[in-house]
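A.B. asks: Okay, handing you the structure first.
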Amino acid sequence: MQPVSEALPHPTRDELELSRVLHALSDPVRLKIVSSLATEGECPMGRIAVPVTKSTCTHHFKVLREAGVLAQRQVGTARMNTLRRDDLDARFPGLLDTVLRSVEPD
């Protein structure tokens, strides 16, 4: 029997705050995560190559989730991540595209 995992908390579209979103997007590692999700679509945490330890990576994903930049869902032992583009574009038109244009490609 698999243990039941609790749903991860996500802010609603109306709860998204510009200051929290900008803070979440202010870190280069988190920008890389967001850029990867924008390019690749939904994927597990381990598929995005970032130059930090697993625990630090987990922290970065949590900051992005709690700010409303990405959504996470548990699938077995993997945590799948999706960019909340529709919510961000509705709440802050043009912000995500502007930020993504500033990210240097690998």
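The values are calculated or read from the model by the stated rules, or taken from the named source; none is laboratory data. This structure is a prediction, so every number in the text was calculated from the model and none was measured. Every residue, glycine as well, gets a Cβ built from its backbone with ideal geometry; the counts of neighbours run over all protein chains shown. When the accessible area is computed, the model is the full protein with side chains, heavy atoms only, and any ligands, DNA or RNA have been set aside. Shrake-Rupley method; radii C 1.70, N 1.55, O 1.52, S 1.80 Å.
A.B. asks: Looking at SER19, SER35, can you tell me which residue is in contact (Cβ under 8 Å) with a residue 12 or more places away in the chain, among the small types (Gly, Ala, Ser), under 24 Å from LEU95 (Cβ atoms) and assigned to a helix (DSSP H, G or I)?
C.D. replies: Unique residue meeting the criteria: SER35.
A.B. asks: On to the next question. For HIS60, work out the one condition from (1) in contact (Cβ under 8 Å) with a residue 40 or more places away in the chain; (2) farther than 12 Å from VAL21 by Cα; (3) buried (at least 18 other Cβ atoms within 10 Å of the Cβ) it doesn't fulfil.
C.D. replies: So HIS60 meets the others, but not (1).
A.B. asks: Separate question: In segment 42-84, which residue that is hydroxyl-bearing (Ser, Thr, Tyr) and closer than 16 Å to LEU8 by Cα is modelled with the lowest pLDDT?
C.D. replies: This residue is THR77.
A.B. asks: Okay, next question. Kindly provide the set of residues from segment 59-106 that are of a type in the set (A, V, I, L, M, F, W, C) and part of a strand (DSSP E or B), ordered by number.
C.D. replies: Within segment 59-106, LEU70, ALA71, VAL75, ALA78, MET80, LEU83 qualify.
A.B. asks: Condition first: of a type in the set (D, E, K, R) and open to solvent by 80 Å² or more (accessible area, probe 1.4 Å). Now tell me which residues in segment 26-55 satisfy that.
C.D. replies: Of everything in segment 26-55, those that are of a type in the set (D, E, K, R) and open to solvent by 80 Å² or more (accessible area, probe 1.4 Å) turn out to be GLU40, ARG47, LYS54.
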